[in-house]
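Structure, as structure tokens:
What follows draws every value from the coordinates through simple rules; no lab data is involved. What you see is a predicted model, and the numbers here were worked out from it, not measured in a lab. FYI the Cβ positions are ideal-geometry reconstructions off the backbone, even for glycines, and counts take in every protein chain you see.
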């Protein structure tokens, strides 16, 4: 069963628009970690953020913000004032204690930002 | 080194041959993971090593796949009798500890394996 669902396969926006990437996860662990990674066309996976299950505080880093809600098992990612350089595939991932903290990735959302 | 280094970056092999993929983690990182990224399957976990503990091989797709980590550092992923469905990008990641505290997991650039 898919533990991380990224329902949006592809999103296309015009530069300066805000965009939210959705991530819904499934776990029975009380201790788990959630991640977002960016994979630009060059192919390398770039770490963006890690949250643990005990910290629901939302986080903002520049134009990026993350909304973690345990009640809905969601960890959504918003890019404000998108830029062409934000074009990439974005992966949400879950790691759980009972699976050795291996990253369980969603299928990814391909974001295209056009000028 | 400064990052996770993987070699070769590209490998083309004939069906039925064995291949070895190498990963040099960041110095001092105790946890090392192998993942596979293919068009049809997305990013799949293969195996992880944590310190001197026995590796978790639960993600390996068949007994043709094996991995070892020597001296708690360099890791080699071996695929025997390669099949066309093994074609994928093989990614290695390392972290300071099992949970990827604070810094997450740092990924290498991957090895693109093509089986012809």
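Just a few scattered comments:
- Efficiency of FRET from Cβ geometry, residue A:42 and residue A:71, R₀ 30 Å, rounded to 0.05: 0.20
- By the beta-carbon count within 10 Å of each Cβ, the least crowded to most crowded order of A:79, A:60, A:11, fewest first, is A:60, A:11, A:79.
- Among B:30, B:78, B:70: highest mean-square fluctuation, GNM of chain B, C-alpha pairs under 10 Å: B:70
- One Cα centroid belongs to the stretch B:21-36, the other to the stretch B:43-116; the line between them spans 7 Å.
- Take the Kirkwood radius over Cα pairs of the stretch A:1-86, plug it into Stokes-Einstein at 20 °C and 1.002 mPa s, and you get 153 µm²/s for translational diffusion.
- Inter-label distance, residue B:68 to residue A:18: 5.5 nm, where each label sits 7 Å from its Cα along the C-beta direction.
- Gap separating the Cα centres of the stretch A:1-45 and the stretch A:81-115, nearest whole Å: 4
- Taking other C-beta atoms within 10 angstrom as a stand-in for reagent exposure, A:29, A:86 fall in the order A:29, A:86, fewest first.
- Building the convex hull from the alpha-carbon atoms of the stretch B:25-76 and averaging its projection over directions returns 3.9 nm².
- Springs join every pair of Cα atoms under 10 Å in this Gaussian network model of chain B, and among B:76, B:106, B:13 the largest mean-square fluctuation is at B:13.
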